[in-house]
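Asker: Let me give you the structure first, and then I'll get to my questions.
The values are calculated or read from the model by the stated rules, or taken from the named source; none is laboratory data. A quick note: this is a predicted structure, and the numbers were derived from the prediction, not measured. Note that each Cβ is placed from the backbone with ideal geometry, even for glycine, and that neighbours are counted across all protein chains shown. The area values use the complete protein model at the heavy-atom level, side chains included, leaving out ligands, DNA and RNA. Shrake-Rupley method; radii C 1.70, N 1.55, O 1.52, S 1.80 Å.
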Amino acid sequence: MSKLVSEGVFTTIIKMAIPMLAGTFAMNMYNLTNAWFVAKLGTEALAAISFTFPVVMLLMFVTRGLSGGALTLVAHAIGAKDRAKAATLTTHALILAALFGALVCGLGLVTVSPLFSRLGASGQVLEMTVRYMNLWYLGAAVMTLQIVAADIIISTGNTRAVSCLMVGSTLVNVFLDMGLIFGKFGMPNMGIAGAALATIISQLLALAAALYILASRMGLVDPSHLAPGALFSSWSRILAFGVPGALGMILTPISSAVITRLAAGYGNSAVAAMGVASRIEMFAFMIPMTVGMSLIPFVAQNFGAGRIDRIRTARHGTMTFAVLYGVFIGLVFILFAPAMAGLFSTEQAVVDVLCSYIYITCMGYGMLEVHRYAGFIVTGAHYPLQASLLNVIRVLVLLIPLSLAGSYLFQLRGIFFGRLATDMLAGMTGIWWSGRMLSRRRSA
């Protein structure tokens, strides 16, 4: 029997979360170092990388939505003690990821200039943005495969292996950033395009290691079931989970694009500051993120084993933790906001906007994480559409309308207050919604 359904609830979650802490820290450093190195090229380059952030996040979230379907179904199969089914699903999911990555590459290359023009980039900033994304799109298939492979490893409960992959990939990325952006270590001086190439190479190495683990260490790659009927059957099941998850997740980067467009009306300094803020916030969510990454396989395997009682216990404990941690990290960010801002820019306008953003939004961090946990729990309990609706409420009902109203009434600071109100209301909605869904499962 899997340890995820037999050991103590919180012992299991902690054992999964702790190894992921190093990996999550590494991934946050991955994004921050990219921004930090690019910032050395000037405010225009930092604004350019900030314009790419919503689009890159959109594509990554779509991929994670699809990989979430694979993760959930593989975890269900493992929880039900059907290893052969888990291997078939893994193989078919990897093929689907490769096809999706190729599609992203083709569409991205033909739309890059008009898309970022519509987002508000122009002149030298637009030129830098296009240079970065043209190269990034060429590595899209590597990105999608690497995400799906890593998520399937997580579905088995082996978070330590994924953490090692994330740490190793980040170290390689930092080294390549220094070499390819600035022409050090005998590498070509590629400027902002070097950051994109560094990302592709580091992800490619992580993908190779992940495929080795899945195939040789776990035996979860089975090429014997590649008939069209079997493939389409698996893909339909994966997409039944993944499409609602992807639709819900892509609302976050779509909203980020809307917010970026609003911020663009207040100048490049505002765009640059909010781009940096998005990366700094990843550190606020680093520890609760490791818990969240453990929740999906835990809930999915326990759902496969019929242990709804363990899921309810995990829900209460993790949400309580998210709220308490959110208050703590918010206070820390308030104290150190000027110092953090100074690491990324010496321009006072950028520093002022970044500090204002942190001061206003940080007290909502805990409730934002509660909302995310609710989505993970509902997805693992076989309610992917309900999890998607939670994101619809947060983004379309709350975040975008409140941000637009805030900008109209109070200019840039009003956007930040709109985000704070959204996080508080979305968290309360998630608590009620997830409890309601689990009550249905218990009575079913």
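Asker: Taking +1 at the Cβ of each Lys and Arg and -1 at the Cβ of each Asp and Glu, which of Ala264, Leu59, Gly326 sits farthest along the dipole of the chain towards its positive end, judged by Cα position relative to the Cα centre?
Answerer: Farthest along the dipole direction, towards plus: Gly326.
Asker: Sorting Phe298, Phe376, Phe10 by accessible area (1.4 Å probe), largest first, what list results? Before the final figure, lay out each step's value.
Answerer: Details: Phe298 0, Phe376 65, Phe10 95 Å².
If we order Phe298, Phe376, Phe10 from most to least accessible, we get Phe10, Phe376, Phe298.
Asker: Which number comes out as Rg/Rh for the range 271-375 once both Rg and the Kirkwood Rh are worked out on C-alpha atoms? All intermediate terms of the calculation are to be shown ahead of the outcome.
Answerer: On the way: Rg = 16.8 Å, Rh = 15.0 Å.
Using only Cα positions, Rg/Rh for the range 271-375 is 1.12.
Asker: Follow-up. Can you sort Lys81, Lys184 by 1.4 Å-probe accessible area, starting with the largest? If you can, show how the numbers build up before the last one.
Answerer: Details: Lys81 150, Lys184 105 Å².
So, going from the largest accessible area down, we get Lys81, Lys184.
Asker: A further question follows. Give the separation of the Cα centroids, the range 386-402 to the range 2-61, in Å.
Answerer: 23 Å
Asker: Also, quick follow-up: Tell me the per residue accessible area of the range 346-433 using a 1.4 Å probe; a whole number in Å² is fine. Provide the component values of the computation, followed by the final result.
Answerer: Values: 3500 Å² over 88 residues.
Each residue of the range 346-433 exposes 40 Å² on average to a 1.4 Å probe.
Asker: Please report the net charge: other residues with Cβ closer than 12 Å to the Cβ of Asn268, K and R +1, D and E -1.
Answerer: Working: positive: none; negative: Glu44, Glu347.
Local net charge: -2.
Asker: With a Cα-only, solvent-free Debye model of the range 287-444, what are the log10 I(q)/I(0) values at q = 0.10, 0.11, 0.12 Å⁻¹?
Answerer: Treating every Cα as an identical point scatterer, log10 I(q)/I(0) equals -0.42, -0.50, -0.58.
Asker: Continuing with the same structure: Assign unit charges at the C-beta atoms only (+1 for Lys and Arg, -1 for Asp and Glu), then state the dipole size of the chain relative to its Cα centre in Debye, rounded to the nearest 20.
Answerer: Values: 27 positive and 13 negative charges, 239 e Å.
Value, rounded to 20: 1160 debye.
Asker: For the chain, what log10 I(q)/I(0) values come out of the Debye formula at q = 0.06 1/Å, with one point per alpha carbon and no solvent?
Answerer: Taking Cα atoms of the chain as identical point scatterers yields -0.24.
Asker: Treating only the Cβ of Lys, Arg, Asp and Glu as charged (+1, +1, -1, -1), what charge dipole size does the range 358-444 show about its Cα centre? Round to the nearest 20 debye.
Answerer: Numbers: 8 positive and 2 negative charges, 55 e Å.
Using Cβ point charges on Lys, Arg, Asp and Glu, the range 358-444 gives about 260 debye.
Asker: Using only the Cα atoms of the range 23-81, build the gyration tensor, take square roots of its eigenvalues as a ≥ b ≥ c, and label the shape rounded, prolate or oblate: rounded if a/c is under 1.5, else prolate if a/b is larger than b/c, else oblate. Please report the intermediate quantities before stating the final value.
Answerer: On the way: a/c = 8.32, a/b = 2.53, b/c = 3.30.
Oblate, because a/c is 1.5 or more while a/b does not exceed b/c.
Asker: Among Phe116, Ala48, Ala149, whose Cα projects farthest towards the positive end of the dipole of the chain, with charges put on the beta-carbon of Lys, Arg (+1) and Asp, Glu (-1)?
Answerer: Comparing the listed Cα positions along the dipole, Ala149 ranks first.
Asker: Express the carbon and sulfur contribution to the solvent-accessible surface of the range 323-380 as a percent, rounded to the nearest whole number, probe 1.4 angstrom. Please list the in-between numbers first.
Answerer: Details: 1750 of 2280 Å².
C and S fraction of accessible area: 77 percent.
Asker: Which shape class, rounded, prolate or oblate, goes with the range 149-194 when its Cα gyration tensor gives a ≥ b ≥ c as root eigenvalues, a/c under 1.5 marks rounded, and past that a/b bigger than b/c marks prolate?
Answerer: Working: a/c = 5.77, a/b = 3.30, b/c = 1.75.
Prolate is the answer for the range 149-194, as a/c is 1.5 or above and a/b outweighs b/c.
Asker: Classify the range 14-161 as rounded, prolate or oblate, taking a ≥ b ≥ c as the square roots of the eigenvalues of its Cα gyration tensor: rounded when a/c is under 1.5, otherwise prolate if a/b is larger than b/c and oblate if not.
Answerer: Values: a/c = 3.55, a/b = 1.76, b/c = 2.02.
Oblate is the answer for the range 14-161, as a/c is 1.5 or above yet b/c matches or exceeds a/b.
Asker: Any idea what angle helix 286-304 forms with the longest principal axis of the chain, computed on alpha-carbon atoms, 0 to 90 degrees, nearest 10?
Answerer: 20 degrees
Asker: May I pose another question? Measuring with a 1.4 Å probe in the full set of protein chains, what accessible area per residue, in whole Å², belongs to the range 187-236?
Answerer: Details: 2360 Å² over 50 residues.
Accessible surface, normalised per residue, equals 47 Å².
Asker: Given the DSSP H assignment, sum -39500 (n - 2.57) over each helix run of at least 4 residues in the chain and divide by its residue total; what's the result at 222 nm in deg cm²/dmol, nearest 500?
Answerer: The helix-only estimate for the chain comes to -30000 deg cm²/dmol at 222 nm.
Asker: If you don't mind, another one. Is there a quick way to get the dipole size of the range 243-331? I mean about its Cα centre, with the Cβ of Lys and Arg at +1 and of Asp and Glu at -1; what is the value in debye to the nearest 20?
Answerer: The calculation lands at about 180 debye.
Asker: To continue, here is another question. Does anyone have the angle between helix 140-155 and the longest principal axis of the chain? Alpha-carbon axes, 0 to 90°, nearest 10?
Answerer: Approximately 40 degrees, to the nearest 10.
Asker: Next question, about the same structure. Before I look further, what does the range 70-128 give for accessible area per residue, probe 1.4 Å, in whole square angstrom? Show your work: numbers first, answer last.
Answerer: Details: 2480 Å² over 59 residues.
For the range 70-128, the solvent-accessible area averages 42 Å² per residue.
Asker: Largest first, how would Ile95, Ile358 line up by accessible area (1.4 Å probe)?
Answerer: On the way: Ile95 55, Ile358 5 Å².
The ordering from most to least exposed comes out as Ile95, Ile358.
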